[in-house]
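Participant: For reference, the structure I am asking about is given below.
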Amino acid sequence: AQKNFSIASGYLVNHPDLESNDSFTTNEIGVKVKFVSKETFMETPRGLIPVNFAYPLIWFNYTQGISTLGGDFSYSSVELNFEHRISYRTIGSTCITFCGGFTMGETPTSLLYFGPGNFARFTFDVPNSFATMQLYEFVSDRFAYAFLRHNFGSLFWQSKSEVFKPQLVLCLLY
């Protein structure tokens, strides 16, 4: 896929091979693989939805930036994500997530990895993100995260409302 980027922030790209320092083009080819053992689906009017979370989910992504056919950069990007949910009859469910990745070669900043932050004055709980980190606060060419999340469900209180059903969730982030 070919992508054209125009720099609107005021920061310019300083690269000797670029025709312009306020825009660049990338050409990418890649592969994304998802593996889940014994995955089952439910058919809905909007399409298929996975419903079986009894086995680990593994994602592998590989992207190669190509500096031919109008592309300005040559780079490689590898990502791996592992997620496993464990349900308990009485105490809720636990979700364990590990993800990591790295980029090699000359990669523009906009295609590097930004930490998954969601900090604001009033922060909602967003799975697999860091609530004390601002959006786009950190950028790097490699990353590794570990998330442990346990949802107690309605273990501590029962709600009679059909709309408001609060749940207690414990999160650990590394």
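We did not get these values from a lab; they are worked out from the coordinates using the rules stated. What you see is a predicted model, and the numbers here were worked out from it, not measured in a lab. Note that we place each Cβ from the backbone using ideal geometry, even for glycine, and neighbour counts take in every protein chain shown.
Participant: Suppose every Lys and Arg Cβ carries +1 and every Asp and Glu Cβ carries -1, with no other charges. What dipole size does the stretch 30-174 come out with about its Cα centre, to the nearest 20 debye?
Facilitator: Dipole about the Cα centre, nearest 20: 620 debye.
Participant: On to the next question. If you take the Cα Rg of the stretch 78-133 and divide it by 2.2 N^0.38 Å, with N the number of residues, what do you get?
Facilitator: The value comes to 1.53.
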